[in-house]
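The values are calculated or read from the model by the stated rules, or taken from the named source; none is laboratory data. Just so we're clear, the structure is a prediction, and the values are computed from it rather than from any experiment. Reconstructed Cβ throughout: ideal geometry from the backbone, glycine too, with neighbour counts over all protein chains shown. Ligands, DNA and RNA are excluded from the accessible area calculation, which covers all protein heavy atoms including side chains. Shrake-Rupley method; radii C 1.70, N 1.55, O 1.52, S 1.80 Å.
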Amino acid sequence: MKRKLFTAASSAAIVLMSAQNGFCADKIAIEPFKQNERIVFFGDSITHGGECHMHVLLAQALRHQGSNVIIYNGGISGGTAGDGFERIDYDILAKRPDRVFIMFGMNDVGITHYNGKSDEKTKATRAKCLANYKSNMIKCIEKIMAAGKKVVLVTPTPYDEYTPQFKAKRLVGANEEGLAGCARIVRELAATYKLPYVEFFEPQTAIIKKQQGIFGRDDRVHPNSVGHYVMAAMLLEAIGEKPLKMTAEVNAATGSHKAENVKIENVKTVSGGVSFKYTPAVLPFPMNKNMEKAEAIYPVAAAFNNEKLTVTDLTKGAYEITAGNHSLGTFTNEQLAAGINMASLKTPALLAASKAAEIKDKIYRLNSQLRGIVMMRRTVNAEGKCATMEAEFAALDAFLQEPSIKKNKYYHNMVASYKKDRPNEDALIKEFEELYPKLYASAKTFGFDVVIKKVK
């Protein structure tokens with residue numbers, strides 16, 4: 001199957017991105033996902049959140065049926081490249097990846113040092129943070145490569161120092177100087193080690209400057225759900241996904257038809273309408289409000305769904321469309337002659353895609369539970385230290401009594417979840433792994449009958 005995803009609507013954004021980052025000419029192309037490939041996204045809380053790469057997983061399942069690509073979350077909230085290096089063996093390489101995408105920076109850069117001061121001590125501290133980031137990124141890259149795994153680098157997502165209405169204090173320079181430095185280091189390391197990289201920093205900074213408040217959370221650090229859709233669209237673009245234009249045109253009077261990436265069969269013309277079997281090349285990506293909002297700042301929704309059905313030579317009037325015996329709505333002959341987007345209608349294909357999305361959501365939830373286990377075990381350095389589960393629980397109880405943690409609801413909730421999930425870890429992993437083949441099985445395209453009947 002041809003690898004196509006993005007529509008012509010994304011052209012302007014692609015040109016803008018190319019002009020902004022200025023690095024495209026010498027960049028090493030990122031290989032598309034391969035059959036049965038195992039991918040790990042390795043990073044901090046922005047990766048730990050998991051939304052971006054779960055959208056990528058669903059797009060992969062819908063667009064490349066039976067490819068059986070498995071995407072794992074290797075993020076830990078609060079993590080740095082240095083912390084990440086320490087968990088590579090048991091948390092990243094243990095997943096047996098073929099390729100690892102690495103994105104750190106937000107916690108490495110020391111954003112609190114961008115506090116309005118410009119004395120030499122502050123400047124030296126900022127420089128030291130960047131130097132440590134570079135050193136630790138090198139260690140991560142070399143260790144993963146030494147294990148025979150492919151590496152793709154990702155420039156960090158930006159810190160929003162631009163939106164005035166957010167509650168969190170604006171740390172001016174944390175992005176323009178700090179994270180820009182991290183992004184520069186990523187590009188330098190990509191050149192040094194001859195690695196491909198995904199450019200998030202430059203185009204996403206441009207977005208939050210232009211469309212303030214829509215991309216990120218109030219904390220100025222984390223992309224929100226809208227932002228994660230934009231990240232997914234950019235990542236898919238980076239791995240070579242291109243427009244999939246699905247079009248079908250049926251003449252209701254003669255039964256003649258033509259199509260691209262759609263199969264039209266069994267056309268029957270009758271007085272007052274037409275019917276046919278309709279088989280799209282791929283299933284549509286289910287829409288939601290956050291995806292629609294993302295469309296305001298980047299061509300996300302249009303990028304996933306571009307499926308136009310045109311029916312010509314219908315007599316003047318209103319026509320009901322049914323698909324698989326389910327009504328899709330009523331349209332005028334003029335609307336049908338202009339074309340309707342089948343991906344936006346509740347066709348049997350969209351219903352099947354929605355079931356695939358439900359499986360993706362289960363993967364996401366299980367993944368969150370499993371990442372919570374790894375995070376809390378890491379928090380008390382339980383790997384290699386605690387011989388039993390009871391010892392882990394005791395270490396976490398002691399951790400909750402620390403003065404800086406005692407009143408922190410987040411960590412109390414995380415420990416409670418750990419105690420609930422840890423005894424079931426093996427069962428959770430088994431269920432998690434079994435969901436991937438179910439996802440791909442549910443994402444297969446199929447044909448269904450479409451009936452267009454005049455109602456008035």
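Would you list GLU392, GLU237 from the most to the least accessible area, probe 1.4 Å?
Sorted by accessible area, descending: GLU237, GLU392.
I'd like the accessible area for PHE446, computed on protein heavy atoms only with a 1.4 Å probe and all protein chains in place. Round to 10 Å², please.
PHE446 exposes around 70 Å² with every protein chain in place.
Mind listing the Cα extents of the stretch 125-219 along all three principal axes, in Å, largest one first?
Each principal axis gives a Cα extent; for the stretch 125-219 these are 46, 27, 18 Å.
Which length gain, in nm to one decimal place, applies between ASN341 and THR310 when the Cα-Cα distance is subtracted from 0.36 nm times their residue separation? Display every interim value, and only then the final one.
Values: separation 31, 0.36 × 31 = 11.16 nm, distance 0.91 nm.
Here the answer is 10.3 nm.
Take the Cα gyration tensor of the stretch 172-236, multiply each eigenvalue by 5, square-root it, and list the three semi-axes largest first, rounded to whole angstrom. Intermediate values should be presented prior to the final figure.
Values: eigenvalues 101, 48, 15 Å².
So the three semi-axes of the stretch 172-236 are 23, 15, 9 Å.
Any idea what angle helix 425-442 forms with the longest principal axis of the chain, computed on alpha-carbon atoms, 0 to 90 degrees, nearest 10?
The angle comes out near 30 degrees.
How tilted is helix 225-238 with respect to the longest principal axis of the chain? Cα atoms for both, answer in degrees (0 to 90, nearest 10).
Once rounded, one gets 80 degrees.
Would you calculate the separation in nanometres between label points at LEU351 and LYS95, each defined as 7 Å from the Cα along the Cα-to-beta-carbon direction?
Spacing of the two 7 Å Cα→Cβ label points: 3.5 nm.
From largest accessible area down, sort ILE214, ILE28, ILE373; use a 1.4 Å probe on the protein chains.
ILE28, ILE214, ILE373
On a 1.4 Å probe surface of the protein chains, which of LYS406, LYS134, LYS346 comes out largest in accessible area, and what is the full order?
Solvent-accessible surface, decreasing: LYS346, LYS406, LYS134.
Given points 7 Å out from each Cα along the Cα-Cβ axis, report the SER327 to ASP397 separation in nanometres with one decimal.
Rounded to a tenth, the inter-label distance reads 6.2 nm.
Can you give the accessible area of TYR411, probe radius 1.4 Å, in Å² rounded to 10?
Counting only protein heavy atoms, TYR411 exposes about 60 Å² to solvent.
For the stretch 419-438 and the stretch 300-362, write down the distance between their C-alpha centroids in whole Å.
So the two Cα centres are separated by 36 Å.
For the stretch 450-456, just list the computed ³J(HN,Hα) in residue order, Karplus coefficients 6.51, -1.76 and 1.60, θ = phi - 60°, integers in Hz, with x standing in for Gly and Pro.
10, 10, 10, 10, 6, 10, 6
Which cross-chain or sequence-distant (5 or more) residues have an amide H under 5 Å from the amide H of GLY216, H modelled 1.01 Å from N in plane?
Correct list: ASN224.
To test your reading of the geometry: what angle, between 0 and 90 degrees and rounded to tens, separates the Cα axis of helix 120-146 from the longest principal axis of the chain?
Approximately 60 degrees, to the nearest ten.
Candidates [x] 5, 22, 32, 25, 9, 4, 2, 1, 0, 0; [y] 4, 20, 32, 28, 11, 4, 1, 0; [z] 4, 19, 26, 24, 14, 8, 4, 1, 0; which is the computed P(r) over Cα pairs in 10 Å bins from 0, in percent?
Checking each listed value against the structure points to [z].
Given H placed 1.01 Å from N in the peptide plane, which residues other than close sequence neighbours of LEU328 have an amide H under 5 Å from its amide H?
ILE321, THR322, ALA323
I need the phi-derived Karplus couplings for the stretch 278-283: 6.51 cos²θ - 1.76 cosθ + 1.60, θ = phi - 60°, integer Hz, Gly and Pro marked x.
10, 10, x, 5, 9, 7
Short version: ³J(HN,Hα) in whole Hz for each residue of the stretch 417-423, in order, from phi by Karplus 6.51 cos²θ - 1.76 cosθ + 1.60 (θ = phi - 60°), x for Gly and Pro, what are they?
Along the stretch 417-423, the couplings run 5, 4, 5, 6, 8, 4, x Hz.
Less than 28 Å apart at the alpha-carbon level, and either on another chain or at least 8 residues along: which lysines does that give for LYS407?
LYS167, LYS169, LYS385, LYS419, LYS420
Of GLY384, ILE359, GLY372, whose Cα points farthest to the positive end of the dipole of the stretch 352-396 (charges on the beta-carbon: +1 Lys, Arg; -1 Asp, Glu; origin at the Cα centre)?
Of GLY384, ILE359, GLY372, it is ILE359.
Would you mind getting the accessible area per residue of the stretch 332-456, heavy atoms of the protein chains only, 1.4 Å probe, in Å²?
For the stretch 332-456, the solvent-accessible area averages 54 Å² per residue.
Just how much of HIS326 is accessible, in Å², when a 1.4 Å probe is used and the result is rounded to the nearest 10?
For HIS326, solvent-accessible area is about 80 Å².
Expressed in nm to one decimal, what extension gain is obtained for the pair LYS139 and GLU265 from 0.36 nm per residue of sequence separation less their Cα-Cα distance?
Result: 39.6 nm gained on full extension.
Rolling a 1.4 Å sphere over the protein heavy atoms, what is the accessible area per residue of the stretch 23-170, to the nearest Å²?
Result: 39 Å² of accessible area for each residue.
In whole percent, and with a 1.4 Å probe on the protein chains, what portion of the accessible area of the stretch 314-376 is carbon and sulfur? Walk me through the numbers before you get to the answer.
On the way: 1440 of 2690 Å².
That fraction is 53 percent.
Note down the nm distance, to one decimal, between modelled labels 7 Å out along Cα→Cβ at LYS385 and at ALA296.
In this crude spin-label approximation the distance works out to 4.6 nm.
Compute the Rg/Rh shape ratio of the stretch 269-415: radius of gyration over Kirkwood radius, all on alpha-carbon atoms.
1.30
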